Amino acid sequence: MKNDIYKTVQVLEKNKETSLLINVLDTRKTVEKLNNSLISIDNILKAPTCRKPQYGGLFHQNNNDYKALITQFSRKIEGEHATHNIELQRQEFHLNKQASRTKLIETIIDKRNKNKIRIKSEQEQSRLSDMLSVTGQRSIFK
């Protein structure tokens, strides 16, 4: 019965670790998307064709509204990026903590199982020794 409890705890801890890993991966994807958006916006703002009116640029003197709009949008994305980055760090911390806990539980269960095997083999050897002493033989192979 106790062994079932240990196995159940092991499975539950492993499931928690898997769930945290999935959350970390999702958050990493979100951070990467936001980072790519920021890079794209930065490229738009720095592009020479956006600045020169002869190329139909967005940001010539008469049309700074687009630049203001894109800059405002960029600030919102930067804020989201920072928030998701902090969340990613928090989730990675919890994932590492959970992985350590799972590893500890696996180590405890392995130690218990090895101890059980050792005790069982000692009992078997004692039983064989008792049988040999009763029969008066020196070895079971005679």
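Candidates in region 99-122 are the residues that are of a type outside the set (D, E, K, R) and surrounded by fewer than 11 Cβ atoms within 10 Å (Cβ to Cβ); of these, the one that is farthest from the chain's Cα centre (by Cα) is S121.
Out of R138, R118, R127, one residue alone is basic (K, R), assigned to a helix (DSSP H, G or I) and modelled with pLDDT under 90. It is R127.
The values are calculated or read from the model by the stated rules, or taken from the named source; none is laboratory data. No experiment lies behind these values; they were computed from the predicted model shown. Heads up, the Cβs are rebuilt from the backbone with ideal geometry, glycines too, and the neighbour counts pull from every protein chain shown.
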